[in-house]
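The values are calculated or read from the model by the stated rules, or taken from the named source; none is laboratory data. Just so you know, these numbers come straight off a predicted model, no measurement behind them. Cβ: placed from backbone, ideal geometry, glycine included. Neighbour counts: every protein chain shown. Each accessible area value is taken on the protein alone, full model and side chains, heavy atoms only, with ligands, DNA and RNA left out. Shrake-Rupley method; radii C 1.70, N 1.55, O 1.52, S 1.80 Å.
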Amino acid sequence: MRHLTADAHDLVPNPRKEELLRALERVRMHAARLEAAFDPPHATLTGKAVWTGPTARAFAEELTARRARLRTLTRRIVEELEAEFTATPEKAGRSPAAR
């Protein structure tokens, strides 16, 4: 009867871990772009007075809130993927077909 746990010589680099690393690298790159997406209009509206009045203030406040929300959600996506990557073992047992 074969052991349920893999022997040390049966362990190989975990392909799932490698897939997660590639995905994490892509997600981090896209996340950086998303986090910066509202920066130019936000800087314009909150910098010098290009548009003034109550409507302008309300719009700038809404833009600021949406920018913060986008950054929070983007970071949460990255953190969840990082957690899954960290929890995935470095090594995995060989598939029965590979033996």
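Some points to look at:
- Unique match (being touching a residue at least 40 places away in the same chain (Cβ under 8 Å) and either of a type in the set (Asp, Glu) or within 29 Å of Lys17 (Cα to Cα) (or both)) among Ala87, Ala92: Ala92
- When residues of region 79-96 are limited to those that are modelled with pLDDT of 95 or more and aliphatic (A, V, I, L, M), the one surrounded by the most Cβ atoms within 10 Å (Cβ to Cβ): Leu81
- Residue tally, condition touching a strand residue (DSSP E or B) at 6+ places or on another chain (Cβ under 8 Å) and either open to solvent by 80 Å² or more (accessible area, probe 1.4 Å) or within 16 Å of Arg66 (Cβ to Cβ) (or both), over region 13-42: 1
- Candidate set: region 43-69, residues that are of a type in the set (Val, Ile, Thr) and exposed (fewer than 12 other Cβ atoms within 10 Å of the Cβ); chosen: the one modelled with the lowest pLDDT: Val50
- Qualifying residue in region 70-78 (condition: open to solvent by less than 100 Å² (accessible area, probe 1.4 Å), among the aliphatic types (A, V, I, L, M) and modelled with pLDDT under 95): no
- Selected residue (criterion: nearest to Met29 (Cα to Cα)) from residues of region 41-76 that are touching a Leu at 6+ places or on another chain (Cβ under 9 Å) and β-branched (Val, Ile, Thr): Thr74
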